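First up is the structure itself, then whatever we jot down about it.
The values are calculated or read from the model by the stated rules, or taken from the named source; none is laboratory data. This is a predicted model, so every value here is computed, not measured. Here the Cβ is made from the backbone with ideal geometry for all residues, glycine too, and neighbour counts use every protein chain on show. Accessible surface areas use protein heavy atoms only, side chains included; no ligands, DNA or RNA. Shrake-Rupley method; radii C 1.70, N 1.55, O 1.52, S 1.80 Å.
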Number of protein chains: 2
Amino acid sequence: MTAPRRAVLRALARAQRPLSVEELHERAKAQHARLGLVTVYRTLQVLEELGLVRRIHEQGACRSFAASSPGHSHAITCERCDKSSEFNGDDVCLLTGAIERKTGYRVSGHWLQLVGVCPSCRKSGAER
Amino acid sequence: MTAPRRAVLRALARAQRPLSVEELHERAKAQHARLGLVTVYRTLQVLEELGLVRRIHEQGACRSFAASSPGHSHAITCERCDKSSEFNGDDVCLLTGAIERKTGYRVSGHWLQLVGVCPSCRKSGAER
DNA sequence: GTCGTAATTGAAACTAGTTTTCAACTACGT
DNA sequence: ACGTAGTTGAAAACTAGTTTCAATTACGAC
């Protein structure tokens, strides 16, 4: 555990929304000025393997990352402010039985990404 | 609707698994020899907007595409042979209520990608 | 505290993937 | 057959991500 890695972790932990590698680099440099972009990539790779970070899949590319709690969970991202939260994913597991029956596949894994409007944007913005 | 586009569509329609842009280019060239890679990119973009093609999101990058039927559905990909199928996604919509209560977000969209073992691989391979 | 080793770092070079540019070409309605 | 708007492919430009390598750093053994 080195200073550069701590800087990346800290920037990720503080973020309220998924960050691209570039953004993360910018922010983490506040903690550790001579941090290299390469180290951000490498640190993310390690953290992803450890399950501490999740990649956020979006429409086109999938280049953003967010901190993730251990255990089975999914992310929901606000379409207005990009803020990202997690929720427990056990409900989804209940669906696998139905899906196995429908498709004939044996389901071994899944992931789900949700988009919505977060509570504070619901208050401030016009309700649809 | 031009010959190059037809070639791309045809290669996609025939594929039993998601294809990368390169693979698609290779296969579509069988129909239209001097097809440019750029055209494949452009055609995919158009088809994606029309909802005829879906991007398959995988562990690391998300670079494969598969034909998709219109309407709300999700993809499931076989982890052994990569074959990809679709299924109706109405079940998942039932979850949004529970998720809205849990997170406070208003859910406006989602997508789900599943991984599993397809029927024919289940037969041939050793059952776990 | 000092030493040694193995892992980590950052810069630069490199590769892969994707987009833009632009002149030539093609589909399609007139 | 003609005109026009949209499409095409090659090359160049660009972006994201990876590899290489010498210098640096963490950390356990002494």
Can you list the strands (runs of 3 or more DSSP E) lying wholly within region B:39-128 that have 1 or more residues being more than 7 Å from chain A (Cβ to nearest Cβ) and among the hydroxyl-bearing types (Ser, Thr, Tyr)? B:64-67, B:73-78, B:84-88
Residue set B:CYS78, B:CYS118, B:CYS93; condition more than 16 Å from DNA strand D (Cβ to nearest atom), buried (at least 17 other Cβ atoms within 10 Å of the Cβ) and either on the phi > 0 side of the Ramachandran plot or more than 15 Å from the chain's Cα centre (by Cα) (or both); output residue B:CYS118
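For region B:16-38, give me the residue count where each residue is more than 10 Å from DNA strand D (Cβ to nearest atom), among the aliphatic types (A, V, I, L, M) and away from chain A (no Cβ under 14 Å).
Final tally of qualifying residues: 3.
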What residue, among those in region A:31-59 that are open to solvent by less than 40 Å² (accessible area, probe 1.4 Å) and touching a strand residue (DSSP E or B) at 6+ places or on another chain (Cβ under 8 Å), is farthest from B:ARG63 (Cα to Cα)? A:LEU47
Where A:SER64 falls short, out of the listed (1) open to solvent by 40 Å² or more (accessible area, probe 1.4 Å); (2) among the polar types (S, T, N, Q); (3) within 13 Å of DNA strand D (Cβ to nearest atom); (4) under 19 Å from A:LEU114 (Cβ atoms): (1)
Which residues, taken from region B:1-15, are open to solvent by 50 Å² or more (accessible area, probe 1.4 Å), within 9 Å of DNA strand D (Cβ to nearest atom) and of a type outside the set (D, E, K, R)? B:MET1, B:THR2
Single match in A:VAL21, A:VAL40 (criterion: within 11 Å of DNA strand C (Cβ to nearest atom) and over 24 Å from B:THR103 (Cα atoms)): A:VAL40
